[in-house]
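Structure first, commentary second.
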Amino acid sequence: MLNIVSLSLISIVVGFLGSLTGLGGASILIPLLVLLGIPVKEAIACGMVAIIATSSGSAASYVKERITNVKVAMYLEMFTITGAIVGATITTIIHPIYLYFFFAAFLLTSFLKIKKPSDCDFQESIHQDRIARWLDLKGSYYDECTNKVVEYKADHAVLGGLGMLVAGLAAGMLGIGAGAFKVTVQENILKLPPKVSSTTSNFIIGMTALAGVSVYLFSGLLNLTLMAPMAIGTTIGAVAGGRILNKISDRALRILFFLIVIFLIGQMLYKGVTSI
Amino acid sequence: MRNEKIGSGEPKLETGISFLLMVGVIISLILEIAGVILLYQSYRSLAISQNESAFIRGNDFFTFIFQQFQGKHSSGIGMELMTIGIIVLILTPYIRLITSVVYFGWEKNLKYVFITLFVLVVITLSLALH
């Protein structure tokens with residue numbers, strides 16, 4: 001039977017797997033909670049609170065290592081928080097059945113990660129549009145792969161912002177970080193290096209989740225006995241996962257990723273179909 | 001080599017934000033764990049509750065914080081600590097935002113004062129109006 005202790009333990013495992021696979025804790029935990037009988041809207045709202053903890057915890061070290069670009073993050077947050085507030089508002093008013101299908105559909109964007117090039121292969125973009133230049137969207141970081149300082153400039157600032165609006169909408173609506181989608185926008189539209197994209201995305205996720213939580217706050221969905229074990233467990237699991245990530249083979253991680261995503265999509269579709 | 005010149009060109013802000021996020025999350029998780037332990041000591045149960053007392057309730061976030069510290073929503077010390085832990089967690093990115101506005105104002109970087117202020121105003125309104 002689900003209680004605070006068992007949910008904490010489940011959340012540790014989920015936070016660990018979410019960190020290893022890059023899916024994030026909430027994307028895995030929400031379908032599991034639904035499977036265990038928790039109402040989907042409650043799971044989504046509490047998932048958003050857990051995301052603030054995991055995102056802030058891991059963002060702290062990436063910002064300290066100066067890989068995260070805080071200026072790019074703050075510019076993109078204008079779009080993600082707007083999307084998240086709209087998305088969360090939609091969730092509070094629509095019928096829960098739609099959420100199962102939206103969740104399953106958005107999980108498909110996780111596969112965007114598969115095409116991700118090697119973190120060491122970044123080719124600096126020589127072009128930078130006027131708005132990105134005006135906003136000073138550029139930076140550098142020390143790359144341990146190549147033992148070099150990598151310099152970069154962002155491009156297509158407006159289009160990238162609109163992509164992040166969609167990411168924020170999905171995040172607020174489904175109670176997840178939407179990290180894979182955010183990273184794809186940053187790498188392919190804004191032309192940021194993979195490491196900068198993933199750490200900046202992680203930083204933005206915390207603020208996006210805050211925007212979502214601001215909508216869910218007094219909607220009667222934030223359950224303390226769910227939020228506490230979710231926040232504690234996923235943060236501990238994510239820290240542990242981050243520490244052993246480099247010790248697991250890429251092939252094992254890819255198999256784990258596929259199995260988890262297929263299971264989650266199947267579970268949400270099953271729940272959606274049986275709820276009709 | 002790692003040095004002050006890498007990053008987004010704002011090393012002081014990056015160091016401050018990193019510290020702030022780490023402290024906020026640690027305090028919040030300690031309060032949550034302490035709250036769960038005290039909840040168990042009071043009720044000898046750690047069930048996932050659907051009672052009204054397990055849900056955060058109120059009108060706006062800032063009044064809610066004020067009332068929480070006045071003990072107006074008190075449902076036992078365990079629940080109270082868990083609620084304060086969630087408040088600290090929610091305030092962590094919010095304070096990071098205020099810090100950024102102040103930093104860019106101090107640096108007279110008006111573009112980023114406007115950008116961070118926009119995010120701060122939207123989040124503040126959303127916290128106050130929901």
Boolean, A:Ala167 is farther than 20 Å from A:Lys71 by Cα, away from chain B (no Cβ under 14 Å) and in contact with a Lys or Arg (Cβ under 6 Å, 6 or more places away or on another chain):
no
Search result, residues across the stretch B:44-63 that are in a helix (DSSP H, G or I) and facing chain A (nearest Cβ under 8 Å)
B:Ala54, B:Phe61
For B:Thr124, all conditions in the list (1) closer than 22 Å to A:Ala53 by Cα; (2) without any contact (Cβ under 8 Å) to a residue 60 or more places away in the chain; (3) facing chain A (nearest Cβ under 7 Å); (4) hydroxyl-bearing (Ser, Thr, Tyr) hold save one; what is the number of the exception?
(3)
Considering only residues that are of a type in the set (D, E, K, R) and within 7 Å of chain A (Cβ to nearest Cβ), look in the stretch B:4-43 and name the one that is nearest to A:Val5 (Cα to Cα).
B:Glu32
Within the group B:Ser28, B:Ser18, B:Ser8, B:Ser75, which residue is at pLDDT 95 or above and surrounded by 14 or more Cβ atoms within 10 Å (Cβ to Cβ)?
B:Ser28
Matching residues, the stretch A:132-164, being in contact (Cβ under 8 Å) with a residue 40 or more places away in the chain, part of a loop (DSSP other than H, G, I, E, B) and over 23 Å from the mean Cα position of the chain (by Cα)
A:Leu135, A:Asp136
Filter pass, B:Ile86 being over 30 Å from A:Ile131 (Cα atoms) and either at the interface with chain A (Cβ under 7 Å from one of its Cβ atoms) or touching a Pro at 6+ places or on another chain (Cβ under 8 Å) (or both):
yes
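Yes/no per residue for (1) more than 9 Å from chain B (Cβ to nearest Cβ); (2) under 30 Å from B:Leu13 (Cα atoms); (3) in contact with a Phe, Trp or Tyr (Cβ under 9 Å, 6 or more places away or on another chain):
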residue: A:Ile52; (1), (2), (3): no, yes, no
residue: A:Ser61; (1), (2), (3): no, yes, no
residue: A:Arg66; (1), (2), (3): no, yes, yes
residue: A:Tyr75; (1), (2), (3): no, yes, yes
residue: A:Thr80; (1), (2), (3): yes, yes, no
residue: A:Ile97; (1), (2), (3): yes, no, no
residue: A:Phe102; (1), (2), (3): yes, no, no
residue: A:Leu107; (1), (2), (3): yes, no, no
residue: A:Ser110; (1), (2), (3): yes, no, yes
Could you grab me the full set of residues in the stretch A:165-196 that are over 14 Å from the mean Cα position of the chain (by Cα) and not hydrophobic (A, V, I, L, M, F, W, C)?
A:Glu187, A:Asn188, A:Lys191, A:Pro193, A:Pro194, A:Lys195
For residues that are in contact with a Leu (Cβ under 8 Å, 6 or more places away or on another chain) and either free of Cβ contacts under 8 Å to residues at least 12 places away in the same chain or farther than 26 Å from B:Tyr40 by Cβ (or both), tally how many sit in the stretch A:214-243.
4
Mind checking which helices (runs of 4 or more DSSP H) fall wholly inside the stretch A:192-276 and carry at least 2 residues that are of a type outside the set (Lys, Arg) and within 14 Å of chain B (Cβ to nearest Cβ)?
A:194-216, A:224-244
Yes or no: the stretch A:180-198 includes at least one residue that is within 30 Å of B:Asn51 (Cα to Cα) and modelled with pLDDT under 90.
no
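Can you name every residue in the stretch A:1-34 that is of a type in the set (Gly, Ala, Ser) and either more than 12 Å from the chain's Cα centre (by Cα) or surrounded by 22 or more Cβ atoms within 10 Å (Cβ to Cβ) (or both)?
Keep residues of the stretch A:1-34 that are of a type in the set (Gly, Ala, Ser), which gives A:6, A:8, A:11, A:15, A:18-19, A:22, A:24-27.
Listed by number, the residues that qualify are A:Ser6, A:Ser8, A:Ser11, A:Gly15, A:Gly18, A:Ser19, A:Gly24, A:Gly25, A:Ala26, A:Ser27.
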Being surrounded by fewer than 22 Cβ atoms within 10 Å (Cβ to Cβ), in contact (Cβ under 8 Å) with a residue 12 or more places away in the chain and either in contact with a helix residue (DSSP H, G or I) (Cβ under 9 Å, 6 or more places away or on another chain) or not basic (Lys, Arg) (or both) is true for just one of A:Thr80, A:Thr89. Which residue is that?
A:Thr89
Just to be sure I understand, how many residues within the stretch B:89-119 are more than 21 Å from A:Ala50 (Cα to Cα), part of a helix (DSSP H, G or I) and more than 9 Å from chain A (Cβ to nearest Cβ)?
11
Given the conditions (1) surrounded by fewer than 20 Cβ atoms within 10 Å (Cβ to Cβ); (2) within 21 Å of A:Gly220 (Cα to Cα); (3) of a type in the set (A, V, I, L, M), every one holds for B:Ala34 apart from (2)
Tally the residues that are more than 22 Å from A:Ala231 (Cα to Cα) and either in a helix (DSSP H, G or I) or among the acidic types (Asp, Glu) (or both), restricting the search to the stretch A:50-72.
5
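The values are calculated or read from the model by the stated rules, or taken from the named source; none is laboratory data. Quantities reported herein were computed from a predicted structural model and do not represent experimental measurements. No Cβ is skipped: glycine too gets one built from the backbone with ideal geometry, and neighbour counts run over all protein chains shown.
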